[in-house]
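The values are calculated or read from the model by the stated rules, or taken from the named source; none is laboratory data. All figures in this text were calculated on a predicted structure; none of them were measured in a lab. Quick reminder, even Gly has a Cβ in these numbers, built from the backbone with ideal geometry, and neighbours come from all protein chains shown. Side chains included, ligands, DNA and RNA excluded: accessible areas come from the protein's heavy atoms. Shrake-Rupley method; radii C 1.70, N 1.55, O 1.52, S 1.80 Å.
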Amino acid sequence: SCFVGCLVPFRTTTFLISPKMAEAYKGKWKLTDSTNFDEYMKKLGVGFITRKAGNTVKPVVTIIIDGDNWDMTSVSTFKTIPCKFTLNQEFDETTPDGRHVKTTFRLEDGKLIQEQKGEVDSTMVREIKGDKMIVTCTIPGWDGVCTRTYTKIG
Ligand code: ACD
C-alpha cells in the first residue's frame, strides 16, 4: 500500500540503516594482515626507523561510537594513538608518524572513509566483512594500494 511504500524506505534510510552501519565497527580489532604498508609509508614520507616500527607492530584498535562521535584508539608497543572525531567534521589530525593533516571522516555506502589533506594527501577506507575490518590506504598519483586487515577480538 502507499502507507508501506512511502514510510518504509524513509525510515530505513534515516533511522535504521545508518546506526546499524556504524554498529558493525564497534569493538576491538587486531591487525592480522598487511600488504604494501612499507610502500605506502614511503610515499607518505615516513622515515626509516618509524617504517621499521610500523611494519613490525600489530596494533589493537578499539572503536567506541556515540551518535556521530567516534573514538578509534590504536594501541601497540610503538605507541598509543588516540583518534577522536565527529563524522563529517574536519579536524587537525597528528598521524602516527607525526605529520599534521586536515582530516574528515564520513560514512558512505556502509564504509568509513577517512580523508587526509596535507603535504601528502591520503584516503583510508574501512569496511567490515564478517569478523574482518579491511583498511584500504591510497594516495592520489600512487599506483599502489596498501591493505590492512584487522580481525575482531572483542
Ligand atoms: C591502519 C592504517 C593506518 C596507517 C596510519 C598511518 C601510516 C603512517 C605512518 C605509520 C607509522 C607508524 C605506524 C604504526 C602503527 C600503525 C597504527 C595505525 C593506527 C591507526 O589503520 O592500520
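Restricting to segment 104-141, and then to whatever is farther than 21 Å from residue 60 by Cβ and β-branched (Val, Ile, Thr), can you tell me which residue is surrounded by the fewest Cβ atoms within 10 Å (Cβ to Cβ)?
At the first step, the residues of segment 104-141 found to be farther than 21 Å from residue 60 by Cβ are 104, 106-111, 113, 115-123, 138-141.
Imposing the further condition that a residue be β-branched (Val, Ile, Thr) reduces the set to 104, 113, 120, 123, 138-139.
Working: 104: 17, 113: 17, 120: 17, 123: 13, 138: 17, 139: 18.
Top of the filtered list is 123.
Against the definition (within 19 Å of residue 137 (Cα to Cα) and within 11 Å of the ligand (Cβ to nearest atom)), how does residue 110 come out, yes or no?
Working: within 19 Å of residue 137 (Cα to Cα): yes; within 11 Å of the ligand (Cβ to nearest atom): no.
So residue 110 fails the test.
Quick check on my filter: what residues within segment 142-154 are open to solvent by 30 Å² or more (accessible area, probe 1.4 Å) and either hydroxyl-bearing (Ser, Thr, Tyr) or under 14 Å from the mean Cα position of the chain (by Cα) (or both)?
Pass one, segment 142-154, residues open to solvent by 30 Å² or more (accessible area, probe 1.4 Å): 142-143, 145, 147, 152-154.
Once the filter is applied, which keeps residues that are open to solvent by 30 Å² or more (accessible area, probe 1.4 Å) and either hydroxyl-bearing (Ser, Thr, Tyr) or under 14 Å from the mean Cα position of the chain (by Cα) (or both), segment 142-154 yields only 147.
With 125, 135 as the choices, which residue is among the β-branched types (Val, Ile, Thr), free of Cβ contacts under 8 Å to residues at least 60 places away in the same chain and near the ligand (Cβ under 9 Å from one of its atoms)?
Numbers: 125 fails: near the ligand (Cβ under 9 Å from one of its atoms).
Exactly one of 125, 135 is among the β-branched types (Val, Ile, Thr), free of Cβ contacts under 8 Å to residues at least 60 places away in the same chain and near the ligand (Cβ under 9 Å from one of its atoms), namely 135.
Among all residue pairs at least 6 apart or on different chains, which show Cβ distances below 8 Å where the first residue, located in segment 27-44, is under 14 Å from residue 154 (Cβ atoms) and the second is among the small types (Gly, Ala, Ser)?
Partner pairs satisfying both residue conditions: 27/154; 28/154.
Here is a yes/no grid of residues against (1) of a type in the set (Gly, Ala, Ser); (2) not in a loop (DSSP other than H, G, I, E, B):
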residue	(1), (2)
70	no, yes
74	yes, yes
89	no, no
93	no, yes
96	no, no
104	no, yes
125	no, yes
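I'd like to know if segment 108-122 contains one or more residues that are under 19 Å from residue 152 (Cβ atoms) and in contact (Cβ under 8 Å) with a residue 60 or more places away in the chain.
So in segment 108-122, the residues under 19 Å from residue 152 (Cβ atoms) come out as 110-112.
Now restrict to residues that are in contact (Cβ under 8 Å) with a residue 60 or more places away in the chain: 110, 112.
The answer is yes; a qualifying residue exists.
Looking only at residues that are assigned to a helix (DSSP H, G or I) and within 9 Å of the ligand (Cβ to nearest atom) in segment 45-59, which one is least open to solvent (accessible area, probe 1.4 Å)?
Pass one, segment 45-59, residues assigned to a helix (DSSP H, G or I): 48-56.
Imposing the further condition that a residue be within 9 Å of the ligand (Cβ to nearest atom) reduces the set to 50-51, 53-56.
Values: 50: 44, 51: 31, 53: 26, 54: 10, 55: 67, 56: 100 Å².
Checking each candidate, the answer is 54.
Residues 95, 151, 62: which one is over 15 Å from residue 25 (Cβ atoms) and either modelled with pLDDT of 95 or more or hydroxyl-bearing (Ser, Thr, Tyr) (or both)? Give the steps one after another, and end with the answer.
On the way: 151 fails: over 15 Å from residue 25 (Cβ atoms); 62 fails: over 15 Å from residue 25 (Cβ atoms).
Testing whether each residue is over 15 Å from residue 25 (Cβ atoms) and either modelled with pLDDT of 95 or more or hydroxyl-bearing (Ser, Thr, Tyr) (or both) leaves just 95.
Can you tell me which residue is most open to solvent (accessible area, probe 1.4 Å) among those in segment 60-79 that are more than 16 Å from the chain's Cα centre (by Cα) and within 12 Å of the ligand (Cβ to nearest atom)? Even if it seems obvious, please write down each step before you answer.
Just the residues of segment 60-79 that are more than 16 Å from the chain's Cα centre (by Cα), to begin with: 66-67, 76-79.
Add one more test, that the residue is within 12 Å of the ligand (Cβ to nearest atom), and what stays is 76-79.
On the way: 76: 26, 77: 140, 78: 71, 79: 82 Å².
This residue is 77.
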